[in-house]
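Here's the structure, in structure tokens; my notes come after.
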Amino acid sequence: MKKLTYLIALLVLGTTGTLSAQTDLSKWSIGVFPSILQYQNSDGTEFFKIDPATFAVDVGAGYRLNSSLLLEGHLMGGSLDFTPADSASPSLDTDIFALTAQLQYKFNNGYILREDFPVAPFVFAGAGAVRSSEGFG
């Protein structure tokens, strides 16, 4: 039941607690997004174990280059503290940071689809890097 509660809380935070601002007058957008960090052993066990849940914060900014292209970057950070039930497996205590950048092309740009089209399809490509502090032990 706790796992279901955590998942529902994440969905509610992700849909209603997202803090973002974008206006037609501005080419900039910013956002703060809640995240959950997960851990998976090298043998594949403990994936989706979220009890206790480990939350992280993702901060993003975007710049609209024109009616079709959006350049966006995100910085995510959190602390992962995991002790497996199996004492033979190592515990994990580390800070995790991720930096990503992407270029998004939207199809409702007035050329392919009209801008007020009810659906806003897009494609994107990007790159990112993840860094964690040492803490295996």
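The values are calculated or read from the model by the stated rules, or taken from the named source; none is laboratory data. None of these values were measured; they are calculated from a predicted model. Note that each Cβ is placed from the backbone with ideal geometry, even for glycine, and that neighbours are counted across all protein chains shown. Areas reflect the complete protein model, heavy atoms only, side chains present, ligands, DNA and RNA absent. Shrake-Rupley method; radii C 1.70, N 1.55, O 1.52, S 1.80 Å.
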ask   = When only residues in segment 80-115 that are of a type in the set (Gly, Ala, Ser) and open to solvent by less than 60 Å² (accessible area, probe 1.4 Å) count, which is modelled with the lowest pLDDT?
value = Ser89
task = Can you tell me which residue within segment 67-78, out of those that are without any contact (Cβ under 8 Å) to a residue 40 or more places away in the chain and more than 12 Å from Ala101 (Cα to Cα), is surrounded by the most Cβ atoms within 10 Å (Cβ to Cβ)?
result = Gly77
